[in-house]
Amino acid sequence: MSDLSLTSPLSPSGLAEPEDFIQLMKPRVMSLVVFTALVGLVAAPGSMNFLLAMVSVFAIALGAGAAGALNMWFDADIDAKMRRTRLRPIPSGRVEGRAALGFGLIMAVIAVVILGAAANYLAAGLLAFTIFFYAVIYTMVLKRSTPQNIVIGGAAGAFPPMIGWVAATGTIDINAALLFGIIFLWTPPHFWALALYKAGDYEKAGVPMLPVVAGPKATRRQIMAYAVALGLLAMVPVVTGLGGVLYAGVAALLNLAFLALAWRVLRSQAGEGGARAAAGGADLYEVRKGDKAARDLFGFSILYLFALFAALLAEHGLGLYVAVFTVAGS
C-alpha cells in the first residue's frame, strides 16, 4: 500500500518541475482517453456547440490526468519495485506523495465542475464515477487483490467515449454502450500481452497479474478468448448503424490482424522460460526472444483501438458515413 504519510523524498533541487506533474497525469494514457472521448462526442447524434464540445473534451482529459495522478500516488511503493516504473515522479523522488495526492484531488474536482457546466450533470457524474473507479476500486482494491484486476478495472478506461457521448446527448443508448464494450473487451488482451513479457516485474512488486497467478499458458488462452469476443463485438456497430462502410472495412481488417497476432501468442512460448523470474526491462517494448509474439500484440493493440475509433471519427466528423445496409440494398 502507498505510504499513508503521503511523503517521499524531494529531488536534489528541492522542487518538482512542471514536466514532473505532467508525467503524473500519464500523458500517453491520457492521449488515448482524449481521442476516444472525442470520437464518442462526435459520433453521437445531434450537434453541440463547438466551444462547449472542446471544453468538455478538456474536462475529460483533466479528469483522466487526475485519475492518473491519484493512481501514481497510491502505487508509489509498487512503482519503486518495477524497472518499468521506478523512474516515475514519486518513486524517483521528484514529487512528494502529498503533492501528487493534492494535485490529483484538485484536478478531479475542477474537471467534474467544468464538465457539468459545459455539458450536463449526467456526463459530469460519469466522469466523477470514472475517476473514483480507477483511483479507488481498481488501484486501491482490485489491482492488489485479484488476477481479474484488469478485466474489472478495464471499465475505467472504457468510460471516456461514453462520457463524450453523454456530454453531447445527455443520454446513454446502445451505441454508447457499444463504445464502452469495445474498449472493455480490448483492455484484457492489451494488458495481458504486456504482462506476459513483464511478468517478473509484477511478481517482484507483488501484483497478482494473470501470468503470475495462473501462469503464461492460461494467460495466452485468455488473450485468445478475449480477442475472439472483441472481434465479434467490434462488428456490431455496423448492425446498429453507428459504423458505416468505412468502419466495416477497417474493423474487419483490424480484427483479422488482431486475431492472427493473438493466435501467434497462443501458439508461442511467451512468458515461459524464466520470464517470471526475470525483472524485466525498463523499456516498454524490451523483450526476450521468446516473448516477441506478446510484444507484437501489445504494440498492435494500441494501433487497433486508435484506427477503429479513427474510422468512426472520419465517418461522423468528416461526413464520410455511408450505411452498410443502404449500400447493400442499392
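For region 18-40, a residue qualifies if it is closer than 29 Å to Glu315 by Cα and hydrophobic (A, V, I, L, M, F, W, C), and the qualifying residues are Val29, Met30, Leu32, Val33, Val34, Phe35, Ala37, Leu38, Val39.
Exactly one residue out of Ala80, Ala124 is of a type in the set (Gly, Ala, Ser), surrounded by fewer than 19 Cβ atoms within 10 Å (Cβ to Cβ) and either part of a helix (DSSP H, G or I) or not assigned by TED's automatic domain parsing to the domain that holds Tyr321 (or both), and it is Ala80.
Any idea how many residues of region 36-76 are out of contact with any Phe, Trp or Tyr (no Cβ under 6 Å at 6 or more places or on another chain), crowded, with 19+ Cβ neighbours inside 10 Å, part of a helix (DSSP H, G or I) and not hydroxyl-bearing (Ser, Thr, Tyr)? Of the residues in region 36-76, 22 are out of contact with any Phe, Trp or Tyr (no Cβ under 6 Å at 6 or more places or on another chain), crowded, with 19+ Cβ neighbours inside 10 Å, part of a helix (DSSP H, G or I) and not hydroxyl-bearing (Ser, Thr, Tyr).
In this structure, Leu51 does not qualify as in contact with a helix residue (DSSP H, G or I) (Cβ under 8 Å, 6 or more places away or on another chain), assigned by TED's automatic domain parsing to the domain that holds Gly93 and not acidic (Asp, Glu). Of the set (1) touching a helix residue (DSSP H, G or I) at 6+ places or on another chain (Cβ under 7 Å); (2) modelled with pLDDT of 95 or more, all apply to Ser268 but (2).
Filtered by the rule that a residue be closer than 23 Å to Met107 by Cα and not in a helix (DSSP H, G or I), region 144-169 gives no residues. Filtered by the rule that a residue be in a helix (DSSP H, G or I) and either at pLDDT below 85 or not assigned by TED's automatic domain parsing to the domain that holds Thr187 (or both), region 276-327 gives Lys289, Gly290, Val324, Phe325, Thr326, Val327.
Kindly provide the set of residues from region 218-241 that are surrounded by fewer than 24 Cβ atoms within 10 Å (Cβ to Cβ) and under 22 Å from the mean Cα position of the chain (by Cα), ordered by number.
Just the residues of region 218-241 that are surrounded by fewer than 24 Cβ atoms within 10 Å (Cβ to Cβ), to begin with: 218, 221-222, 224-226, 228-229, 231-233, 235-236, 238-241.
Within region 218-241, Arg221, Gln222, Met224, Ala225, Tyr226, Val228, Ala229, Gly231, Leu232, Leu233, Met235, Val236 meet the criteria.
Only a single criterion out of (1) in a helix (DSSP H, G or I); (2) surrounded by fewer than 22 Cβ atoms within 10 Å (Cβ to Cβ) is not satisfied by Ala195, namely (2). Of the residues that sit in region 205-217 and are in contact with a helix residue (DSSP H, G or I) (Cβ under 7 Å, 6 or more places away or on another chain) and part of a helix (DSSP H, G or I), which one is surrounded by the fewest Cβ atoms within 10 Å (Cβ to Cβ)? Once the filter is applied, the top-ranked residue is Ala205. The set of residues in region 140-176 being under 22 Å from Gln222 (Cβ atoms) and of a type in the set (S, T, N, Q) consists of Ser145, Thr146, Gln148, Asn149. For Val141, the requirement of being buried (at least 16 other Cβ atoms within 10 Å of the Cβ), hydrophobic (A, V, I, L, M, F, W, C) and farther than 30 Å from Val236 by Cα is not met. The listed residues are Arg88, Arg98, and the only one of them that is basic (Lys, Arg), farther than 25 Å from Phe191 by Cβ and assigned by TED's automatic domain parsing to the domain that holds Lys26 turns out to be Arg98.
The values are calculated or read from the model by the stated rules, or taken from the named source; none is laboratory data. Just so it is clear, the model here is predicted, and its values are computed rather than measured. As a convention, Cβ positions derive from the backbone with ideal geometry for all residues, glycine included, and neighbour counts pool all protein chains shown.
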